[in-house]
Amino acid sequence: MGQHTVEPSITAACGFLTAVDSPPHGLFGGYLLVDMAGRPLEFHCTAPLKVSRAQQILYGATLHSHLHGQQIGATLLAEGTLQPQVVLTDLESMLHVRPHTKLPVALVVRRDTPPTASSFYVGTACVSPPSDHPEHASQLRAAIETLVASVDLCEPFERIRAAIEEAQRH
Amino acid sequence: MEDRLNQKSFGFTALGRMRSWHLAQCPLPVVHVLPSIAPRLFRPAHLRLPIDSATPHVVRVPLIDQRPAVQSYQFRHAPVPPAPWQTIVPPASHVRAGDFSLAADRASAADRASAALKPKRTRILPPRDVVKMGERFFFLLQPNLETILETSHLEFPRQPFPFQFDGMAFLMPRHGAVLADEMGLGKSMQAISSLRLLVRLGEVRRVLVICPKGLVSNWTREIADWAPELLVAVVEGDPQRRRWQWALEDVPVKVANYEVVVRDRELVAELGLSFDLVVIDEAQRIKNRSSHTSQAVRSLSRNRSWALTGTPVENSAEDLVGIFEFVAPGHLSDSMSPRAMGAAAADHVLRRTKDRVLKDLPPRLNRDERIELTAEQRETYRRAEEEGVLRLSKMGQGAAIQHVFELILRLKQICNFDTATGESAKLECLEAELDEIHASGRKSLVFSQWVETIGRLRGKLSRFGALEYHGGMSTAARDETIERFKHDPRHSVLLLSYGAGAVGLNLQFSQYVFLFDRWWNPAVEDQAINRAHRIGAVGAVTVTRFLSVDTIEERIDEVLRQKRDLSDTILSQAESAPSAGLTQSDLFALFQLVPPQRSAA
């Protein structure tokens, strides 16, 4: 088992994008591309981003959307060599990556979170498509259906967090 | 300022009491923010602008506009499954790995209920010796084991226990591993399921399983059960046949016994065979590094080495070093303290005991049956011991270990059957017990050290349909015996030798085990007992150990009792590790004799 070059014919079913705030290191971003069975094809992670107190004050409420959407999200999506059919994130602020990508990006949360009008359920996960891009909703549903039913849509984020923790230890 | 702003951007400034003519100097349009919305846009203004100063001091706060560095990793994708996967359909009774509603037929109802409520998810963690970040990520980023099994469409005849999933997650990423679970926890099933998954993922293509001769058919049965789609070839028969079997290329799993591996060592080298995975069962067979068996096994070209054993430390710490010479050569050495050895071995060894992982396994009830020899037996015994000890004393420094052994064996045989009259107090006791067990429709296992004793017992216990199982029988005859004992209610007693019957057999439908005489090592006795007391046992297993009062049997038992915990000592990294087996000093001490001094040469 190990690291190898991905064959060009392989298509990623799904991309999982998230960020982990890990004081005192900073903010790490992780982007995992998986196949239909949820197995990893590519993984990209950022070096930690540190934000000063002055920057926090100046960016105010826009800080997280800027960090997650533009700095981390857009950077990571640009690194992927495979084109997933859909990108899922578990952070609402990460949805601000949408202006920087043509891929449909949806929010995934556990089923116990209140759904929005356009939300739909997949197993224990609740998927919220972008309300301002209705054309993405059907594309999202179709893409997620290609994943094997047993793949838990919330679980890959735990893998990303575990990998980022591992990266901090080494 | 103009350079930094585009048409969609806004600039904010807190003006305080600045006059409006200052704003007129600004080249950009100015919008006044009403006081009611200002607090939402600005944090409390603690800035003190030096408005009276001619040139105010400016603090520059940089924007967050530098993209972070990114590390990227790409992983190999599992290849398309080979043909056998697509053509062989597992039996309808098989259950899917993640389907907890079809839980184990052998698991308790409580287990099933708890599993259904909260399915366990087993992560595959990278071994410590994997240092490359990409490889560590490869393991960490895999789905949990249950999902991998389910998405691979792998089905099992029975739902594995959670600790068995842990065992698979331990084996799969390791190139060198010792699965040292206590007997009866399903080591072979865990190894088969792990190698099955590795074959499925395209990680291994050529697997060799090496086991004792008597267990070859057991392994083929287990593989057929737990990995029905895998083609298996048993390497056996005459040299020409074996050459052909070794050379088979389209068979992913080959099974060979230790003797065949030793005999065909040169042939395997000549054919240039290399294996992706070699699994050795009853790995204590290679504990002696200088033995032909150990050398032959270690000479195999291989990528992964897994050792299965319920007794990784049978006699001394060197046993584990011997096994590690196959698993991870050079990783352990004889000079290590038990604590250091335990620490060095920790990431390669997984050992679970039944009391830790199988809370619901029926209890094992041990009882020592102390038997008074019959008067004739006692007299024969007394004479034999006195004569023997006298002879040893006369030999003085010339007395060797084999002389002591001979005397012990002779005395132990008399404890079984009086050599003069054929009387046996043990047999009388055993018959009484078996009468009751037979009447209740239950089955019993009776172990002895000697084939001759087994033969005698069979004649005496014919009314219970007693069957024999020992190394003097052919493999086919032994297999047939097991089948008859399993399925024919007329046979309620199986007589086994420790050598052939103590390992690998699944006889969990038997609820009574009798140790007619005692083996030299408690680990072997445990193995024998665990033929019945293992996963699938449907009720309490009663173990009766016969001990003849005031005989060599009692003395041996006392010595072994004191040394019983060596394996635990090593595996728990304790400081000192006494020998669990009988040393030369122990044997001489049984007769209050002093062992001869070794010569300097």
Out of the range A:27-49, which residues are within 17 Å of A:HIS170 (Cα to Cα), facing chain B (nearest Cβ under 7 Å) and open to solvent by 10 Å² or more (accessible area, probe 1.4 Å)?
A:CYS45, A:ALA47
Restrict the check to the range B:265-279 and report whether at least one residue is surrounded by 15 or more Cβ atoms within 10 Å (Cβ to Cβ) and modelled with pLDDT under 95.
no
Kindly list the number of the only condition in (1) surrounded by 14 or more Cβ atoms within 10 Å (Cβ to Cβ); (2) assigned to a loop (DSSP other than H, G, I, E, B) that fails for B:VAL297.
(2)
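Confirm whether B:VAL493 is open to solvent by less than 10 Å² (accessible area, probe 1.4 Å) and either basic (Lys, Arg) or within 23 Å of B:ALA432 (Cα to Cα) (or both).
Details: open to solvent by less than 10 Å² (accessible area, probe 1.4 Å): yes; either basic (Lys, Arg) or within 23 Å of B:ALA432 (Cα to Cα) (or both): yes.
So B:VAL493 fits the description; yes.
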List pairs: first residue in the range B:222-247 and touching a residue at least 24 places away in the same chain (Cβ under 8 Å) and among the aromatic types (Phe, Trp, Tyr), second residue open to solvent by less than 30 Å² (accessible area, probe 1.4 Å) and part of a loop (DSSP other than H, G, I, E, B) anywhere in the structure, Cβ distance under 8 angstrom, at least six positions apart or on different chains.
B:TRP226/B:PRO157; B:TRP246/B:ASP264
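Of the residues B:ALA476, B:ALA420, only one is of a type in the set (A, V, I, L, M) and more than 30 Å from B:ASP488 (Cβ to Cβ); which?
Values: B:ALA476 fails: more than 30 Å from B:ASP488 (Cβ to Cβ).
Matching residue, one of B:ALA476, B:ALA420: B:ALA420.
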B:LEU373: passes all of (1) modelled with pLDDT under 90; (2) not assigned by TED's automatic domain parsing to the domain that holds B:ALA191 but (1)
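The values are calculated or read from the model by the stated rules, or taken from the named source; none is laboratory data. Only a predicted model underlies this, so the values are computations on that prediction, with no experimental measurement involved. No Cβ is skipped: glycine too gets one built from the backbone with ideal geometry, and neighbour counts run over all protein chains shown. Ligands, DNA and RNA are stripped out before the accessible areas are found, and what is left, the full protein with its side chains, is counted by its heavy atoms. Shrake-Rupley method; radii C 1.70, N 1.55, O 1.52, S 1.80 Å.
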